[in-house]
Ligand code: SAH
C-alpha cells in the first residue's frame, strides 16, 4: 500500500504526532457514511473491551498480531512480557508502531507470510474481516495451516450482522439468494486521502465453525461480547 492511499495510517500518524486527528470516514454501499473514532485505535489495555483483554491474556508463545494498526495489542502484550510480532499493510501504521516501541514489526500482507510458525495468531477488531469474502475461507484456513504450530491457536473476533436484518417482530429478513449477509465493502477517507475499496467479512460463529471443521480445524466461542460479537478460538 502506498502512503497516499493509506487513510487509516495517515490518521494514526496524525494522532500519534499531534494528539489530534480529523474524521476517519467510512463509506459503504450498504450503510450511511460512518466514522472510526481515531483515539479508539490507541486504546490501552484498560480501555479495551473484555473480549480483547481475554484474547491478550490467552496469547502465548510466539505471537503474531495481524493487522496491528497503531500497535495497541502488541504494546500491551510486550508489557506483559510476551513475545509478539506485528504486521500491517499500512506503511504509516508500521512507521508509527516502530516509533511507539513495538519491537518486532513488519510491513507485510498476512497472505504473503511464508516459512514461519506461530503459537498464537491474533486477529482483532473484526479480525475475520481480512478474509474478505466467504469463498476465500478455504484458502484462508490453508494459509493458517502453514503458519500455526501444531498446538497453536488462532484467536479471531467477528460480529454476526443479522441484527441489521431484524424486523420489528423479531424475525430476520435474510435473502438466501443474495451473497452472504456479512460480506461488506468499505472505503476509507481521511482528509483528502481516499483508500481503495476493499471487501471485509463479518461472519456468524456457526458459519465460521462449519468452514473451520471442513478445513481441518475446530472452532469454539471463548467470549461473547454484548452486541452479536464474539471471540473464537480455532485450533487443529
Ligand atoms: N488490530 C488493530 C487495527 C484494526 S484495523 C486494532 O484492533 O486497533 C485493520 C488493520 O488491518 C488495518 O491497520 C489494516 O491496514 C490491516 N490490514 C488489512 N488487510 C491486511 C492484510 N492483508 N495483512 C496485514 N494487515 C492488513
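Taking the beta-carbon count within 10 Å as an exposure proxy, list 89, 221 from fewest neighbours to most. It would help to have the intermediate numbers written out before the result.
Details: 89 17, 221 12.
Going from least to most buried by this count: 221, 89.
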Distance from the range 145-197 to the range 1-29 (C-alpha centre basis), Å: 21
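Could you give the length gained by full extension between residue 27 and residue 206, i.e. 0.36 nm per residue of separation minus their alpha carbon distance, to one decimal place?
On the way: separation 179, 0.36 × 179 = 64.44 nm, distance 2.79 nm.
Additional length available on full extension: 61.6 nm.
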Where a label projected 7 Å from the Cα of residue 145 along Cα→Cβ would reach, residues of the range 205-226 with amide N under 16 Å: 211-219
The chain: most fluctuating residue of 139, 169, 178 per GNM, C-alpha cutoff 10 Å: 169
Computed E for residue 117/residue 180 - FRET, C-beta separation, R0 25 angstrom, nearest 0.05: 0.20
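R0 = 45 Å: FRET efficiency of residue 18 with residue 60, Cβ-based, nearest 0.05? Provide the component values of the computation, followed by the final result.
On the way: r = 36 Å, r/R0 = 0.80.
For R0 = 45 Å, the calculated efficiency reads 0.80.
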In Å, descending, principal axis extents of the Cα set of the chain: 48, 44, 32
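Can you compute the helix-only [θ] at 222 nm over the chain? Use -39500 (n - 2.57) per DSSP H run of at least 4 residues, normalise by all residues, nearest 500 deg cm²/dmol. Present the calculation step by step, with values, prior to reporting the outcome.
Numbers: 6 runs with 60 residues, N = 236.
Rounded to the nearest 500, it is -7500 deg cm²/dmol.
So, R0 is 30 Å and r is the distance between the beta-carbons of residue 107 and residue 134; what FRET efficiency does that work out to, to 0.05? Walk me through the numbers on the way to the answer.
Details: r = 28 Å, r/R0 = 0.93.
The formula returns an efficiency of 0.60 here.
Each value in this text was obtained by applying a stated rule to the coordinates, not by laboratory testing. Being a predicted model, the structure only gives us computed values, none of them experimental. We place every Cβ from the backbone using ideal geometry, glycine too, and count neighbours over all the protein chains shown.
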